[in-house]
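Written out below as structure tokens is the structure these notes cover.
The values are calculated or read from the model by the stated rules, or taken from the named source; none is laboratory data. None of these values were measured; they are calculated from a predicted model. Note that we place each Cβ from the backbone using ideal geometry, even for glycine, and neighbour counts take in every protein chain shown. We work out accessible area using only protein heavy atoms, side chains counted, and drop any ligands, DNA or RNA first. Shrake-Rupley method; radii C 1.70, N 1.55, O 1.52, S 1.80 Å.
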Amino acid sequence: MSKRLLLIGGNFAPELTGVGKYNGEMIGWLANNGYDCTVITSFPHYPQWKIQPPYTKSRYWYKKETGYYGHVKVHRCPQYIPAQPSGGRRLLMDFSFAISASFQLLMELFRKKADFVMVVAPPFHLGLLGVLYSRLKKATFIYHVQDLQIEAARDLQMISSPSLIKMLFGIERFILRRADIISSISEGMIQKIREKSRHAITSFPNWVDVRLFHPLEDKHQIKTAYGFAGSDTVILYAGAIGEKQGLEAILQVAQQVRDQTHIKFLICGAGPYREKLHQQVRTEGLNNIQFRDPEPFDNFNRLLNMADVHLVIQKASAGDLVMPSKLTTILAVGGVAVVTANEHTSLHKVVTENEIGIVVPADDARALTTGILQAVSKSQEHIPGNARRYALEYLSIDKIMLRMEAAIRAST
């Protein structure tokens with residue numbers, strides 16, 4: 001008899017980046033390996049911060065889908081989506097989804113019991129729904145943390161009220177201490193969660209499909225197709241364009257290397273800060289920076305292979321709170337990544353110990369420039385091979401999901 005799993009999460013397929021990408025791929029793997037899966041989620045909106053077609057007309061009410069991975073049932077719940085997400089607006093967005101998801105969860109209470117209820121945070125407080133379902137239906141409660149949302153909001157000063165932060169930590173502690181399995185994506189995050197929960201934490205890192213993302217040989221032809229000269233050195237940032245990324249550093253680097261006309265920067269993505277960043281580029285007359293909308297999934301492997309250097313940028317205040325998911329696909333294609341990460345973070349340790357990229361201090365434009373110039377030199381031949389081997393050995397979705405499935409089965 002197949003096991004039944006109920007996933008509650010704010011993001012899901014067909015979102016191509018961030019948590020939605022991993023939730024979709026995880027459920028796809030489970031469905032293809034004998035699990036009967038049901039999903040409670042929102043309408044696709046990330047990283048554009050607006051509901052995406054063909055869901056725009058149905059976004060104000062609930063919608064059931066059954067086409068994912070053959071027999072997966074997906075329940076879309078309405079929520080408020082801010083066009084310009086400040087700290088307060090993002091809180092309102094998360095709580096609006098929690099309320100609408102609560103009504104859908106009530107319906108699930110009258111249906112066949114799930115053996116496992118899994119909540120993916122953020123939003124962290126969705127864990128309350130996991131606690132409720134697990135207690136009423138005697139299901140195993142799995143709480144998976146993709147992002148330490150409260151710490152990130154506090155350290156990025158998106159929330160400044162000490163009393164509100166204290167209350168949010170209290171809610172999170174309540175959830176953590178009632179979960180049967182807690183998992184997270186990096187050693188740094190695992191340590192922080194362990195200190196708060198007094199609970200064993202399972203390592204469940206983000207993965208990559210190494211069959212879909214792989215090295216290609218025709219880099220010069222791909223550059224030409226994207227409008228560059230074959231001799232150009234293309235430096236790519238592909239991902240969400242938001243506050244925590246600290247992408248202003250790219251502009252500072254572009255200013256410093258503008259005399260080296262063969263070096264071109266491409267920022268590919270969407271997000272609330274894209275227009276502000278674009279305006280800065282126009283104001284400063286930086287002709288060596290181009291912007292591009294998020295690439296369709298079918299073309300993403302070609303885009304990544306086109307770049308000579310990849311940028312994985314985050315602010316120092318994010319620290320170990322966010323493990324950048326874009327790094328996994330860069331490694332899979334054998335890309336040379338310049339990663340901003342300070343010493344003593346898990347990201348710094350992984351990249352340096354395995355020699356799979358170039359690490360520079362966060363929030364340091366001069367260091368970033370040095371790292372980029374180091375990357376475009378011809379002395380980094382070891383990185384592409386190391387990166388691809390690391391992806392094959394440690395980031396394959398099959399290997400990671402099999403380990404996670406074993407941990408789930410061991411808890412029952």
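Of the helices (runs of 4 or more DSSP H) lying entirely inside the stretch 330-412, those containing at least 1 residues that are closer than 30 Å to N33 by Cα, of a type in the set (G, A, S) and free of Cβ contacts under 8 Å to residues at least 24 places away in the same chain are 397-410.
Residues that are of a type in the set (A, V, I, L, M, F, W, C): list the strands (runs of 3 or more DSSP E) wholly contained in the stretch 1-82 that include at least 1 such residues. Can you show your working first?
Details: elements: 4-9, 36-42, 63-68, 72-77.
Once the strands (runs of 3 or more DSSP E) in the stretch 1-82 are filtered for at least 1 residues that are of a type in the set (A, V, I, L, M, F, W, C), what remains is 4-9, 36-42, 72-77.
Among the residues making up the stretch 168-196, those that are open to solvent by less than 40 Å² (accessible area, probe 1.4 Å) and in a loop (DSSP other than H, G, I, E, B) are A179, I185, S186. For residues in the stretch 57-68 being of a type outside the set (D, E, K, R) and surrounded by fewer than 17 Cβ atoms within 10 Å (Cβ to Cβ), which is modelled with the lowest pLDDT? So the residue we want is G67. The requirement of being over 22 Å from M26 (Cα atoms) and in contact (Cβ under 8 Å) with a residue 60 or more places away in the chain is fulfilled nowhere in the stretch 193-209; no residue meets it.
For (1) surrounded by 17 or more Cβ atoms within 10 Å (Cβ to Cβ); (2) modelled with pLDDT of 95 or more; (3) part of a strand (DSSP E or B), each residue gets a yes or a no:
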position	(1), (2), (3)
Q104	yes, yes, no
K112	no, no, no
V119	yes, yes, yes
H125	yes, no, no
L129	yes, yes, no
Y133	yes, yes, no
H144	yes, yes, yes
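Within the stretch 197-219, being over 23 Å from F300 (Cβ atoms) and either within 20 Å of the chain's Cα centre (by Cα) or surrounded by 14 or more Cβ atoms within 10 Å (Cβ to Cβ) (or both) holds for S197, H199, I201, T202, S203, F204.
Is it true that L148 is crowded, with 17+ Cβ neighbours inside 10 Å, at pLDDT 95 or above and touching a helix residue (DSSP H, G or I) at 6+ places or on another chain (Cβ under 8 Å)? Full working, then the answer.
Values: crowded, with 17+ Cβ neighbours inside 10 Å: yes; at pLDDT 95 or above: no; touching a helix residue (DSSP H, G or I) at 6+ places or on another chain (Cβ under 8 Å): yes.
It is false that L148 is crowded, with 17+ Cβ neighbours inside 10 Å, at pLDDT 95 or above and touching a helix residue (DSSP H, G or I) at 6+ places or on another chain (Cβ under 8 Å).
For the stretch 322-340, state whether one or more residues are basic (K, R), farther than 23 Å from G227 by Cβ and open to solvent by less than 60 Å² (accessible area, probe 1.4 Å). Working first, answer last.
Of the stretch 322-340, the ones basic (K, R) are 326.
Next, from what is left, pick out any that are farther than 23 Å from G227 by Cβ: none.
The answer is no, given that none of the residues of the stretch 322-340 is basic (K, R), farther than 23 Å from G227 by Cβ and open to solvent by less than 60 Å² (accessible area, probe 1.4 Å).
Annotation note: of V312, V257, the sole residue that is within 13 Å of I372 (Cβ to Cβ), within 17 Å of the chain's Cα centre (by Cα) and not hydroxyl-bearing (S, T, Y) is V312.
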